[in-house]
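Written below as structure tokens is the structure these notes are about.
All of the numbers you see were taken from the coordinates with simple rules; none came from a lab. Here the structure is a predicted model, which is why all the values come from computation and not from measurement. Quick reminder, even Gly has a Cβ in these numbers, built from the backbone with ideal geometry, and neighbours come from all protein chains shown.
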Amino acid sequence: MKRKALVFILVASVTVLAFPIDINEARELLMAESGGEIEFISKLNLGMPSESSWIVFRHGARSAHIFNINNNREVRHIDWLNATELSELRFSERGGGLYFIYASDLDIDIMQGIPGTRLGNRLVKFGDFLGNGTDLLFSITHALGVDSFDVTIRGYDSAGGGIELFMFTQIVPLRRLTIPPIFFTNYRGTDGFALHTTTYWREGMSYWENGRLIRHEADIVEYGWVFHAWSEESRRFEKIADISGQDIEFLATASLREREQNRYSPENPASVAIAPTAGGATEAQATAIISIPQQANVIVQSDTTASSMPAWLLVIIIGGAVVAVGLVLLAAKRKT
């Protein structure tokens, strides 16, 4: 009896390890959570051990939520972030009174220069910005000031053991800008974000420049570009340089061209939109964002294979399980 129980436990444990949670099972588990119908779901690689992470946006919500599911199929809510719709985002240019401009009316897409997978038409993207195999969560939303937007980047910090805020800053949109007010680029050999910002000089403020004391006789607003990059020391994105007007045009042109080239790449899961037929799922669903016909608003980043592991790894795990069970049976037989 003990031998059979031990064999059952081993087989059950190996089965859980060999067949991790796919997107269909995750959706069923998360549908059981309160909050409404799921409109968007995608798997995240946050680097959190022993759990799979998922980003979920529910119909009619104003925020996206991050959940973890462990090997026992237990669901745990770990974080949330604003998921502002493009048509809701608006700003007022300094000196323009209370005349508001909507981001959706601009000639540029303010999310165009951010890599990764976009959450529908929301101002949220997620992807491996640092090239280390783990995803970060990027979002733009309303700021306290009417002339700027808040930008946040979140991710898992192994030192703290949870989701941390890696960047919180403001960008300043202008109707005359011909490039997005924030975009991902490589500046002087370092990957990071170029941001359009302002510096406010109040009347009477002074500062030293090239050995001279500069005093402002009136309020001045200076627009400019800065570069934020990852700091291993602080484990945050920090400002490391100002970007000149000449450099910003070159950086933007190169970066946006690269984004456009990758937009329709088969390796980019955010670039493919496939509607499954009534006959079942298509092979391309493993790397696609797909819309579900019976629920037109539902978007799923598919992961419909039986396992997210490579086939060779599954063979090794299952083969190891068979060997382990055989050794247990052999040991039990010798004892008897």
Let me spell out the model: positive unit charges on the Cβ of Lys and Arg, negative unit charges on the Cβ of Asp and Glu, origin at the Cα centre of region 58-172. What dipole size does that give, in debye rounded to 20?
340
Provide the gained length on full extension for the span TYR223 to SER92, in nm with one decimal, where the gain is 0.36 nm per separating residue minus the Cα-Cα distance.
45.7 nm
Could you give the nm distance between label points at GLU238 and ASP157, where each point is 7 Å from its Cα heading toward the beta carbon?
1.3
What are the residues whose amide H is under 5 Å from the amide H of ASP135, where those residues sit 5 or more places off or on another chain and H is modelled from the backbone?
ASN45, LEU46, GLY47
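Quick one: which of 87-93, 137-143 comes out on top by average Cβ neighbours within 10 Å, and what's the full order, highest first? Could you put the intermediate results ahead of the total?
Numbers: 87-93: 16.3, 137-143: 21.4.
My ranking of the peptides, most packed first, is 137-143, 87-93.
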On full extension of the chain, what length is gained from SER104 through GLU74, given 0.36 nm per residue of separation minus the C-alpha to C-alpha distance?
6.8 nm
